[in-house]
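Here's the structure we're looking at; comments come further down.
The values are calculated or read from the model by the stated rules, or taken from the named source; none is laboratory data. Just so it is clear, the model here is predicted, and its values are computed rather than measured. Heads up, the Cβs are rebuilt from the backbone with ideal geometry, glycines too, and the neighbour counts pull from every protein chain shown. Ligands, DNA and RNA are stripped out before the accessible areas are found, and what is left, the full protein with its side chains, is counted by its heavy atoms. Shrake-Rupley method; radii C 1.70, N 1.55, O 1.52, S 1.80 Å.
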Amino acid sequence: MLSSPAEDVLARAAEAGIVAVVTIGESLASSAAGVELAEQHDGSDGLPGVWATVGVHPHNAKDYDGDAEDELRQMAAHPRVVAIGETGLDFHYDHSPRADQLRAFRAQLALAAGLDKPVVIHDREAHEEVADIVSERLGPAAWDQAPRGAVIHCFSGDAELAARFVELGCYVAVGGVVTFDKADSLRRVAAALPLDRLLLETDAPFLSPAPHRGKENEPERVAVIARAVSEVRTEGLHHIAAATTKNARAFFGI
Ligand SMILES: [Zn+2]
């Protein structure tokens, strides 16, 4: 949740050239709040339209059960819900036992496949496990039970891992870390990714890009991230903005 009123956040985003916002669920409560926000901001007031994802983050995977899944399924029927997630694995914090994380991740991939929605995947220090599960679900053997698409959000692996995800048909999302001094590896990834697989994101309120580090991150800062990516790729900002907007529209179906 951001501390500013949504109208102010969206007005600043519009000023920075942002045309649409997807707010990400990480628990049942935050998913419901995202759906409500999306309902209130359908773009008819001249501000960027808001869409929502619904999901249970690996941090909260211990709470994932049949009731939680039913609730996600009901929320996902809302026309402004465009994906399932965040789901995935976080072996850095291990806020939920790994067995629960694996169970909730597999269950939400199956849920997304059943609902014909794409998934937003969180991978922190669980690269091999996430890649293996994604290849089970999106690889050639699973074409009939695969979600409509997947994005590895705030990608934190190397170029080789990024290539593996691209091979599986995933999008790879780059956030504010690409501006950090020590992020040469991510800059190499951002430079090498096929442009039609690249998404930009904030992970708001976290990971504000330089020179705004330490401040609350907001959708407007996607413009800062776009500029950084255009520099590492030596491609025009307008070209990067147009391509990543097109990719996001295609991925989320908005
Ligand atoms: Zn995440």
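Restricting to the range 105-125, name every residue that is within 14 Å of the ligand (Cβ to nearest atom) and crowded, with 22+ Cβ neighbours inside 10 Å. Hits for the range 105-125 are 105, 108, 119, 120, 121, 122, 123.
For (1) under 27 Å from residue 52 (Cβ atoms); (2) outside any helix (DSSP H, G or I); (3) within 16 Å of the ligand (Cβ to nearest atom); (4) not polar (S, T, N, Q), each residue gets a yes or a no:
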site: 182; (1), (2), (3), (4): no, yes, no, yes
site: 189; (1), (2), (3), (4): no, no, no, yes
site: 199; (1), (2), (3), (4): yes, yes, yes, yes
site: 207; (1), (2), (3), (4): yes, yes, yes, yes
site: 216; (1), (2), (3), (4): yes, yes, no, yes
site: 221; (1), (2), (3), (4): yes, no, no, yes
site: 226; (1), (2), (3), (4): yes, no, no, yes
site: 229; (1), (2), (3), (4): yes, no, no, yes
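Just so you know, in the range 21-36 the residues that are within 20 Å of residue 251 (Cβ to Cβ) and open to solvent by 50 Å² or more (accessible area, probe 1.4 Å) include one that is nearest to the chain's Cα centre (by Cα), and it is 24.
Suppose the filter is more than 16 Å from the ligand (Cβ to nearest atom), open to solvent by 10 Å² or more (accessible area, probe 1.4 Å) and more than 17 Å from the chain's Cα centre (by Cα); does residue 98 pass it? For residue 98, the condition - more than 16 Å from the ligand (Cβ to nearest atom), open to solvent by 10 Å² or more (accessible area, probe 1.4 Å) and more than 17 Å from the chain's Cα centre (by Cα) - is met. Please go through the range 132-169 and give me each residue that is away from the ligand (no atom under 15 Å from the Cβ) and not in a helix (DSSP H, G or I), ordered by number. The answer is 139, 146, 147, 148, 149, 158, 168, 169.
Scanning the range 31-75 for residues being away from the ligand (no atom under 16 Å from the Cβ) and touching a residue at least 60 places away in the same chain (Cβ under 8 Å) gives a total of 3.
Determine if the range 163-173 includes at least one residue that is closer than 28 Å to residue 134 by Cα, among the small types (Gly, Ala, Ser) and surrounded by fewer than 15 Cβ atoms within 10 Å (Cβ to Cβ). Write out each step before concluding.
Pass one, the range 163-173, residues closer than 28 Å to residue 134 by Cα: 163-173.
Remaining after also requiring among the small types (Gly, Ala, Ser): 163, 169, 173.
Restricting the remaining residues to those that are surrounded by fewer than 15 Cβ atoms within 10 Å (Cβ to Cβ) gives 169.
Yes: the range 163-173 contains one or more residues that are closer than 28 Å to residue 134 by Cα, among the small types (Gly, Ala, Ser) and surrounded by fewer than 15 Cβ atoms within 10 Å (Cβ to Cβ).
Right, residue 235: out of contact with any Leu (no Cβ under 7 Å at 6 or more places or on another chain) and either of a type in the set (Lys, Arg) or at pLDDT 95 or above (or both) or not? Here the answer is yes, as residue 235 does meet what is asked.
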